[in-house]
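J.: Below you will find the structure I want to go over with you.
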Amino acid sequence: MKRKYPRWTHGYVDQHGKPRFYLRRPGHKKIALPGLPWSPEFMEAREAALKGEEGKLEIGARRTVAGTVNAALVSYYQSSAFTKGLADSSQDMRRAILERFRGDHGDKRIALIHRAAVQTILNGKTPAAARNWKKALRGFLDHCLSLDMIKVDPLAGVTLAKMKKTSGHHPWESSECAKFEEFYPLGTRARLAYALLLQAGQSKCDVVRMGRQHIRGNMMSMRRQKTGVMFNIEVMPILRDAIDAMPASNHLTFLVTGQGNPFTAAGFGNHFRDLCDAAGLPKRCTSHGLRKAAATYLAERGATDHQLMAWFGWTSISQAQVYTKSANRRVMARGAAKLISGTGIGSPSDPVSQNDDQAIEITRSGK
């Protein structure tokens, strides 16, 4: 498998069989880089080039010093735990944090890092940012521990401030779904995007990869890009109608840009935001909110924890229980209302077996 180059790196082998590498950023002239990608020499030159200091470099004068945080990060970026164990989006997010960490502490000895120092760093972050930093540092420090760069885990015993509880992304209401459907009828790519998000209930990074090749009969099967976990969903009539209403195409993905190219996850998120704005929907209506609406609807119709895990490709039962526990509370509340009013014994009026498989189609009226 070909190793991924650092961003904006272009390489080739010249007529003498020597590999050559350049930094090629849009709007900038290309800059030759010494050594091999990810080597200390290469990364030092690349960092200087990004800062506009390429003319000031003295060959050999500013190499990454062994035993420093700089050298440890170069090693980590080359490890399989980073290059193969993390999705591209996770690599980008964690590298952004670790490069900030390098900027402040790169020349320090990695062996001297200790818990109090890490605690001080995290204390200076917001609760949400501190969790992201801890997650990024966790992978990096595990790598250092595995190679005996450090002897004691500096994250052991580190505490984080509690986060304020929020309800997270807003699950779309039936009136909001109706407004989108009225503005974008069947046969529009916007309606297909909406149907894929709501009926398939997957993240935007997976929705942008969906195509007819993933459907066999009435089942769509894929692996989640972020976790590699397989998910299997039934293509119900509402989603089938949205797919069949589109003109024939040779594209491998259902959704493409105006130039006919597949969307990136970020690009699709921005595009869907524009679609919602044009339809007059509030800012709380997001693509992820449709995924949450789908999970909420299925849980309220009696889907079990394991059924939700199979549908949404979740790896932890706790993710499914967020929805099933909430749905169960509503069912019990309706039962309690019957007892209080004296109209029944507390049984729900529309029981659904928790053991039998249910073919459930997500409709506007059900949310």
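J.: Please list the non-local residues whose amide H lies under 5 Å from the amide H of Met222, H modeled 1.01 Å from N, same-chain partners needing a gap of 5 or more.
T.: Those lying under 5 Å, H to H, from Met222 are Phe231.
J.: So, one more: Output wanted: per-residue J couplings in Hz (rounded whole) for segment 152-158, from phi through Karplus 6.51 cos²θ - 1.76 cosθ + 1.60, θ = phi - 60°, x for Gly and Pro.
T.: So the J values, rounded to whole Hz, are 10, 6, x, 8, 5, x, 6.
J.: Using a 1.4 Å probe on the protein heavy atoms only, what accessible surface does Arg273 show? Give it in Å² to the nearest 10.
T.: My reading of the accessible area for Arg273 is about 50 Å².
J.: Now for a separate question. So what J values fall out for segment 10-17 if you push phi through Karplus, 6.51 cos²θ - 1.76 cosθ + 1.60 with θ = phi - 60°, rounded to Hz, Gly and Pro as x?
T.: With coefficients 6.51, -1.76 and 1.60, one gets 10, x, 7, 9, 7, 5, 9, x Hz.
J.: Counting only the heavy atoms of the protein chains, how much of Ser203 is accessible to a 1.4 Å probe, in Å² to the nearest 10?
T.: Number for this one is 20 Å².
J.: What list of ³J(HN,Hα) values in whole Hz, one per residue of segment 135-149 in order, does the Karplus curve 6.51 cos²θ - 1.76 cosθ + 1.60 (θ = phi - 60°) give from phi, with Gly and Pro shown as x?
T.: Residue by residue, segment 135-149 yields 5, 5, 5, 4, x, 5, 6, 4, 4, 5, 5, 5, 9, 6, 5 Hz.
J.: I would also like to ask the following. Can you grab the distance from the C-alpha centre of segment 33-53 to the C-alpha centre of segment 261-296, Å, no decimals?
T.: That distance is 38 Å.
J.: Let me ask something else. Which cross-chain or sequence-distant (5 or more) residues have an amide H under 5 Å from the amide H of Val256, H modelled 1.01 Å from N in plane?
T.: Hits under the 5 Å cutoff: none.
J.: Using heavy-atom solvent-accessible surface (probe 1.4 Å) with all chains present, what is the largest-first order of Met222, Met230, Met309?
T.: Met230, Met309, Met222
J.: Go ahead and run the numbers for FRET between Ala81 and Glu182, Cβ-Cβ distance against an R0 of 41 Å, rounding to 0.05.
T.: 0.25
J.: Might you work out the accessible area of Leu252 for me, using a 1.4 Å probe with all protein chains in place, and round it to the nearest 10 Å²?
T.: The accessible area of Leu252 comes to roughly 120 Å².
The values are calculated or read from the model by the stated rules, or taken from the named source; none is laboratory data. It should be emphasised that the depicted structure is a prediction, and the values quoted were computed from it without experimental measurement. Neighbour counts are summed over all protein chains in view; Cβ atoms, including those assigned to glycine, are modelled from backbone coordinates with ideal geometry. Side chains included, ligands, DNA and RNA excluded: accessible areas come from the protein's heavy atoms. Shrake-Rupley method; radii C 1.70, N 1.55, O 1.52, S 1.80 Å.
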